[in-house]
Each structure stands twice: as C-alpha cells, then as structure tokens.
1. Give, as a single signed number, the net charge of other residues whose beta carbon lies under 13 Å from the beta carbon of Phe12, with Lys and Arg counted +1 and Asp and Glu -1.
2. Where does each of Asp57, Asp397, Asp345 land when they are ranked from fewest to most other beta-carbon atoms within 10 angstrom?
3. Quick one: net charge around Pro396, please, counting Lys, Arg +1 and Asp, Glu -1 for every other residue with C-beta under 11 Å from its C-beta.
4. Between Thr197 and His304, how high is the FRET efficiency from 1/(1 + (r/R0)^6) when r is the Cβ-Cβ distance and R₀ = 25 Å? Nearest 0.05.
5. Of Arg176, Arg226, Arg188, how do they rank once you tally other Cβ atoms within 10 Å and put the fewest first?
6. Taking amide hydrogens as modeled 1.01 Å from N in the peptide plane, which residues meet the under 5 Å criterion relative to Asn81, leaving out close sequence neighbours?
7. How long are the three semi-axes of the equivalent ellipsoid of segment 195-234, in whole Å, if each is the root of 5 times an eigenvalue of the C-alpha gyration tensor, listed from largest down?
8. How would Val294, Val91, Val248 line up from fewest to most surrounding beta-carbon atoms within 10 angstrom?
Amino acid sequence: MTAKIVIAGSGFAGFWAAISAMRVISQENKENSIKVILISPRPNLTIRPRLYEAKLDNISPDISKQLAAVGVEYIAGEIQNIDTDAKLLTVNLANGNQTTLVYERFILATGSQLNVPPVPGFDRYGFDVDSLETAHRLETHLQALKNKPETLARNTVVVVGGGLTGLESAAEMPARLKAILGETTEGRVFIIDSESTVGAGMGAEISPVIQQALTECGVELRAGLRVKAISHDGVTLSNGEYIESNTVVLATGVKASFLTEQIRGERDASNRIISDNYLHAQAVSNVFVAGDTVKAPTDNQGNHNLMTCQHALSLGRVAGYNAAAELLGLPLHPYSQPKYVTCLDLGAWGALYTEGWHRKIHHIKQEGKKIKQEINTKWIYPPELEKNELFAIAAPDYVIVP
C-alpha cells in the first residue's frame, strides 16, 4: 500500500515542503512506497512580498513543471475539512466536485489572510495588496482615477497600517499616482499608524530613518491614530480628523488560515498553531505545520518565526523533510533559523536592509534597494531547475539568507 504525504498550499512553505519530502524519499529509493500530493487552487506560487508594486507581471509563477520534475502529484482544489482522528481530508476540487483523501502525514501550509478590523466601511470601501486578485483590483482602481474629475479625494491615497506592507505600499504610492495622474497633479499620500510614531513597530533604531524616507517620498505621517470609519470619499480618524480620499489601502496585519482552527492545539493571537521543534502540531498525530500557519522557535534565545517568506522557505523544507523522514524511520531535523534580516523597500528613497532581531542597519538607499531587488526577483522565486538541481537546494538545513 502506498503511503500519502498530503500538503495543503502552494506558497513558499508548501512548495518547498513538497520538494524537500520528495528529496528524502528519492534518496531512500522509496518513490513506489510513498506518494507526495500537493493541493492548492492553482499550481502557482504567488510572490506575495511584491504585491505592493505597480507592475504585477510574472508575480505568480507556475510551479507545475517543478512539481512534475520531482514526482509530486498536484491536485487543483481547496481543503474544506480536516479530520485528524480519521486522517481524512475533504477537498473541494477546482472542477466543482468534492473528494476525500486519507493521509499518513499531513502538512498544513495554507498561509494567512488580511486581518480586517471591525471598522465601518473597511470591507466595502477598502483596498488591499494581500493577494494577486486584490492587488490587481487596486491597480485597476488607480488607473481608473485619471478618468474621474479632479478632486482632493481622487488625488489622495490613505494607507492604513505601519508594518512592512503598509510602509512599502505608502512609499511606492506617490510615484504610482504621478505615473497615472501626471507629474503636475497634486497627489497626496497618508500613512496611518497606531504606534506612537510611524515605523515604531519596526524598532527604535530604524523608525527615524523610515520617517525620513517616507517624508522624502512625499508621504504624510499620522501616528498614534486609528481609523474609525471609511466612506466612499474619505476616512475618519480617531482624533476626529477627516481625510478626503477615494482610495484607502488596508495593511492591517494578517491572521493564519482558518484551517488552523480544525487542528486541535494551542494557537497564538494570529491563529497560528504552536508547534514543537520538529513542526508537529502538538495535540494531534501525523500533522505538521509550516509557513504562516505555525509559530515555532527559531533559536534558543526566545525568538520565533514571523509571518514572512524568509521563514516560510525554511519551515517548508523542514516540515517536508520531517514528514517523509518520520514515515521512513529516519531521524527528524529540528527547525532552526537563527539569522534574521529585514529589507524594507522605501520607494524613490531606496531601501533599508537590517540584520538581527534588533534590526541593526547595514545598507540604506540604493545599496539597500539593490539587495531588495535581488531578494524579490531572484532569491525567493521558485527556480526553474531539473530534479537533482531542485533537490540540491531543498535540504532542511539549506541556508536561505547567506
């Protein structure tokens, strides 16, 4: 009987979990004994860290060729239900049918979604760059602004949220507006951050640099404030200020996939399952969690993975290896990723590259921008390689950030 490792999700973690699992299965010559199946709505890996950009070309590459090259079976669909007692998955197939799958090992890597606060108007009038579809929707809306009568609301964009996505979206927006509305148009871009100063959530050392960069890009800062309501033509802030705007972009953080709620065990405030060092979901058997669905220690200093592609790339490799190794009776590999870097795109100013959990600055402006472009267009993309070349970079201890 062929054992099945089923992986849910084709993002950074899911893709590399599949390659990593097949790598160890191939090394042990057990391809006829263990099958790896990957399930996702489409056989694509969306480069989510680039969705704040204006150009969305080649931002969701097809991974069918790589999966086929290593022997992973792909199923187009979405998992609707997880029965961990019966080891049974209910799958809504892309063709409209429904099927069930029994697994020997299951890896949950279905990522995260925008966490929309319960504020009036957010769901109706807000835009976001959380998915390829919503990023396209924002770009279509921005392009259509040039066909509307010129008003203060038309010419103003408000970005809500001072995390990585909010900062990058805001820094890029003045140039996007000028490209669409014309160089002479008086466009305005605001960023609303609930922290005491804009960028404070990124750390005390770098927040002044972020503020300077945003100001140089033409972004107006509103710190220590929250949004009370959004309408079709503006935003009301917690201090009573009203900003006229037809474009409100939400960057209000993310929460893990709803499927985490179907797996027993402790979860954190972002709905992530808290795993052991081997990425097991601790309260059930035969289930691993990777990417944005898991919270795991990265080192012995008390740090844990963030909901970033940097961590997902490694988490996927480890989860895939361990799922296969467990079936093969091989030693498991503990997840460890002590090196942490941040590269923040700040529009025309450049980019900010830091290392360490305290985000010590190493490169700024165009030096940082060069690294950011290298990361976003090369390092994190699924490589177009053949089987053995993919296996060579799929080991659980492969270093993502040199």
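What follows is calculated from the coordinates using simple rules that are stated; it is not laboratory data. This one's a predicted model, so the numbers in the text were calculated from it and none came from an experiment. All Cβ positions, glycine included, derive from the backbone under ideal geometry; neighbour counts span all protein chains shown.
1. That works out to +2.
2. Arranged by neighbour count, lowest to highest, Asp57, Asp397, Asp345 become Asp57, Asp397, Asp345.
3. +1
4. E between Thr197 and His304, to the nearest 0.05, is 0.50.
5. Arg226, Arg188, Arg176
6. Thr90
7. One finds semi-axes of 23, 14, 6 Å for segment 195-234.
8. Neighbour counts put them in this order, fewest first: Val91, Val248, Val294.
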